[in-house]
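Worksheet for the structure shown next.
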Amino acid sequence: PSPPGEESRSLDSLDSFSNLHSCCPSSSELNSDAEEAVVAGASPEGPAPEPHHIKWVRWKEENTPVITQNENGPCPLLAIMNVLLLAWKIKLPPMMEIITAEQLMEYLGDYILDAKPKEISEIQRLNYEQNMSDAMAILHKLQTGLDVNVKFTGVRVFEYTPECIVFDLLDIPLYHGWLVDPQVADIVKAVGNCSYNQLVEKIISCKQSENSELVSEGFVAEQFLNNTATQLTYHGLCELTSAVQEGELCVFFRNNHFSTMTKYKGQLYLLVTDQGFLTEEKVVWESLHNVDGDGNFCDSEFHLRPPSDPETVYRGQQDQIDQDYLMALSLQQEQQNQEINWEQIPEGISDLELAKKLQEEEDRRASQYYQEQEQAAAQVQGWLFCSQLYFFTQQVQGAASPASGRQSGSNERKRKEPREKEREKEKNSCVLL
């Protein structure tokens with residue numbers, strides 16, 4: 001049996017190890033009291049979320065809207081909505097430019113109600129209505145983030161959670177590529193059939209064991225998570241390419257982010273939804289051909305279309321792909337160097353108080369990370385300013401040196417004048433033919 005507080009400790013390890021929430025995790029999911037508040041409709045005070053800009057693209061000879069993602073936008077909701085929009089199952093008014101998250105939820109809710117099958121048996125009808133009721137109960141989480149618990153044995157293998165009902169109800173396949181290579185025996189043994197949550201708990205348990213074999217197995221499992229922090233392996237990429245059907249529209253989970261994905265002529269592509277590409281009409285898809293996240297941009301017909309502004313590419317890739325990964329990697333590294341001292345936590349502390357302490361620790365780490373990034377950016381700007389100042393100084397000195405050079409070199413030119421006169425005589429004696 002697990003010691004008291006082990007479950008909460010595992011939750012912290014889960015969040016710190018690679019933060020396996022979607023791009024907008026909610027701290028309210030850590031305890032039941034806060035969860036009830038969310039279900040009841042309570043919302044934290046703060047400014048209303050910004051609306052999403054709509055990018056109209058030419059998709060299969062028809063103008064089709066794509067919902068773009070602003071900073072910290074609800075990526076699960078956008079990924080699902082963009083699948084339905086590209087499949088023309090949901091349509092927006094022509095040339096609509098912005099849309100709010102509440103409007104997106106209304107469109108999605110109406111679609112779920114309208115998509116109810118007509119000719120089904122009584123048992124199927126009751127089952128569908130139960131699934132629809134369960135999906136509606138957690139539909140609000142699409143605006144903040146979904147908890148998904150991957151298993152490392154298959155691209156469509158997830159631990160079943162209520163959040164998965166939404167994808168089943170909408171008939172939208174959900175994929176991931178975080179797989180163990182079956183040819184690496186020691187990792188296969190260490191990971192086994194564990195889900196991510198179970199594997200983190202196993203690592204913690206193995207570290208505390210006195211059995212050297214279990215300690216070694218826990219170390220192998222921990223190294224696997226460290227080496228695959230981007231949540232995609234080459235074996236998983238191969239399995240993905242094989243499993244996704246040609247032309248299929250689906251949702252891909254990777255690096256704490258949900259993306260709209262399709263397959264064209266045997267190649268996987270992710271929909272480019274970052275708001276920085278709003279004016280790049282020819283940039284619609286990005287190829288998924290390696291685990292490094294540096295794919296090629298394509299238009300709606302999958303022809304290579306590099307963006308007109310290289311700076312836009314950098315910003316877009318950083319915001320949409322790398323931002324969540326860098327945060328997760330930073331939290332993972334800090335967790336290795338600065339673990340919470342559980343012995344200092346008083347006994348009898350409630351789950352709510354513990355959750356608050358964990359959230360405060362995560363906020364502190366995130367704040368430290370952003371401060372380091374700002375300091376690094378300031379150093380770069382200072383270096384650029386010094387370089388520009390040095391270049392300007394060199395130009396000023398170069399402009400002043402010729403004047404003094406003419407004065408000091410006057411005597412030298414006087415010595416050269418006889419030789420120049422001889423050359424002029426030679427030129428005058430030449431005969432032009």
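The values are calculated or read from the model by the stated rules, or taken from the named source; none is laboratory data. Bear in mind that the values here come from a model prediction, so they are computed numbers and not experimental data. Note that we place each Cβ from the backbone using ideal geometry, even for glycine, and neighbour counts take in every protein chain shown. Remember, those area values only see protein heavy atoms, side chains included, never the ligands or the DNA or RNA. Shrake-Rupley method; radii C 1.70, N 1.55, O 1.52, S 1.80 Å.
Miscellaneous remarks
- The stretch 190-200: number of residues that are part of a helix (DSSP H, G or I) and more than 17 Å from VAL148 (Cβ to Cβ): 2
- Scanning the stretch 171-182 for residues that are open to solvent by 70 Å² or more (accessible area, probe 1.4 Å) and either in contact (Cβ under 8 Å) with a residue 40 or more places away in the chain or part of a helix (DSSP H, G or I) (or both) yields a single hit, PRO182.
- Odd one out for THR100, checked against (1) more than 21 Å from GLU62 (Cα to Cα); (2) modelled with pLDDT of 90 or more; (3) open to solvent by 90 Å² or more (accessible area, probe 1.4 Å): (3)
- GLU159 being at pLDDT below 95, among the acidic types (Asp, Glu) and in contact with a Phe, Trp or Tyr (Cβ under 9 Å, 6 or more places away or on another chain): yes
- Residue among ASP110, ASP168, ASP114 that is of a type in the set (Asp, Glu), within 24 Å of the chain's Cα centre (by Cα) and open to solvent by 30 Å² or more (accessible area, probe 1.4 Å): ASP168
Okay, residues lined up against (1) over 20 Å from TRP59 (Cα atoms); (2) basic (Lys, Arg); (3) in contact with an Asp or Glu (Cβ under 8 Å, 6 or more places away or on another chain):
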residue: GLN223; (1), (2), (3): yes, no, no
residue: GLY247; (1), (2), (3): no, no, no
residue: HIS257; (1), (2), (3): yes, no, yes
residue: THR260; (1), (2), (3): no, no, no
residue: GLY266; (1), (2), (3): no, no, yes
residue: PHE277; (1), (2), (3): no, no, no
residue: TRP285; (1), (2), (3): no, no, yes
residue: ASN290; (1), (2), (3): yes, no, no
residue: PRO306; (1), (2), (3): no, no, no
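- Residue match in the stretch 149-156 (condition: in a helix (DSSP H, G or I) and either surrounded by fewer than 18 Cβ atoms within 10 Å (Cβ to Cβ) or in contact with an Asp or Glu (Cβ under 9 Å, 6 or more places away or on another chain) (or both)): no
- For the stretch 49-97, a residue qualifies if it is among the polar types (S, T, N, Q), open to solvent by 10 Å² or more (accessible area, probe 1.4 Å) and without any contact (Cβ under 8 Å) to a residue 40 or more places away in the chain, and exactly one does: ASN63.
- Among the numbered conditions (1) of a type outside the set (Val, Ile, Thr); (2) touching a strand residue (DSSP E or B) at 6+ places or on another chain (Cβ under 9 Å); (3) free of Cβ contacts under 8 Å to residues at least 60 places away in the same chain; (4) open to solvent by 60 Å² or more (accessible area, probe 1.4 Å), the only one that GLU119 does not meet is (2).
- Within the stretch 138-146, one or more residues are out of contact with any Lys or Arg (no Cβ under 9 Å at 6 or more places or on another chain) and small (Gly, Ala, Ser).
- Taking strands (runs of 3 or more DSSP E) as the structural unit, those lying wholly within the stretch 202-304 and holding at least 2 residues that are among the hydrophobic types (A, V, I, L, M, F, W, C) and buried (at least 16 other Cβ atoms within 10 Å of the Cβ) correspond to 250-254, 257-264, 267-271.
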